[in-house]
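These notes concern the structure reproduced below.
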Amino acid sequence: MKDSTRNFITGLVSLGALGVLVALLLMFGELRWLVQSSYRVTVAANIGGGLRKGSQVQLNGVPIGEVASVTVRPSEEPPVRVEADINFDIDLPQSCEISCESALIGGGSRLNFRMPNDPAARTAMAPRDGTWVASAEFMTFEDRIASIVSEDFTELARNLNELVAPLQGGPDDPANQGSIRTSVTRLNRMLASAEEAFDGANSWLHDEQLHADAKSAVWKASQLIDQASAAMDAVAGAAKGIEGQAGTLAADLRPVIERMRQTLEHVQAISEKVNAGEGTVGQLVNNPDLYRSLEDAGRRLAATLAEVELLVAKIKDEGLRVEW
């Protein structure tokens, strides 16, 4: 065999062996970085959440790859395996929070990775050899709605329970001031009082005697108004008559007013004399000793008259005749 032929066959076999080696390396994923622009990560989840091959993968809302496969393994826990291909130029922190989000209207589900807020927790990155398996617990749309409103409804239920609970200490307790239950209790009291007032008004409206008294009072009031109107008419007529005779009345009243003025001046003069101590009355008013002397003389005169009466009575008892 010629050397050239032998060299050709040797080179061809070497190329074949090299091709087989490359194929084996590719088959076992050792040279995937040479032919692929992504690396694979696996997520173990409780449910598939509507994910399928080709579903979008996001990191904090930014697309970074797509789902490669979704499988179920009943013998394992969690049973669902989601394999995703991540763009090779993306570093995926192992501390990411993983969730499955479904569009409310249109579109499909997507696998979402969310990095922690603390930069110090983002240092450990997922390996690119496909060995990293992350765990996640997906929630259905109904579960997410329930988790959002559960806290609000729990707080609302607690407030309602406090509202219907009995008051401690009564509505007049200062600790219960401003409470809705206190307001409701007072409102019930007001309604009860209003009902009592309505009952009293109803009984009054159906009382025939009260109706008769009310009618009589209205009739008498009407008569009084008529009499008052007549009196006002009479006064108005008298006023008109006086207005026409004002000159005559003024002429008649002048002498009377003049005599009254003179009388008042005379009385004033007498009062001044009395105050000055002039005359008997003035002495009595201004000299208390004179008044006391007169009072003492009166008492002695009364005592003397009493003795005289006793003497006369004794003489009569003796049988003597006394003539005055």
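The values are calculated or read from the model by the stated rules, or taken from the named source; none is laboratory data. Keep in mind it's a predicted model, so treat the numbers as computed, not measured. Note that each Cβ is placed from the backbone with ideal geometry, even for glycine, and that neighbours are counted across all protein chains shown.
Numbers at a glance
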| item | result |
| --- | --- |
| Some residue of the range 136-152 being modelled with pLDDT under 90, of a type in the set (Phe, Trp, Tyr), surrounded by 13 or more Cβ atoms within 10 Å (Cβ to Cβ) and under 30 Å from Ala23 (Cα atoms) | no |
| Residues satisfying the stated conditions in the range 124-135, i.e. surrounded by 13 or more Cβ atoms within 10 Å (Cβ to Cβ) and assigned to a strand (DSSP E or B) | Met125, Ala134 |
| Number of positions in the range 81-112 that are in a strand (DSSP E or B), at pLDDT below 90 and exposed (fewer than 13 other Cβ atoms within 10 Å of the Cβ) | 0 |
| Some residue of the range 138-151 being under 27 Å from Met27 (Cα atoms) and either in contact (Cβ under 8 Å) with a residue 24 or more places away in the chain or in contact with a Lys or Arg (Cβ under 7 Å, 6 or more places away or on another chain) (or both) | no |
| Positions within the range 65-79 being within 24 Å of Pro116 (Cβ to Cβ) and surrounded by 20 or more Cβ atoms within 10 Å (Cβ to Cβ), in sequence order | Gly65, Val67 |
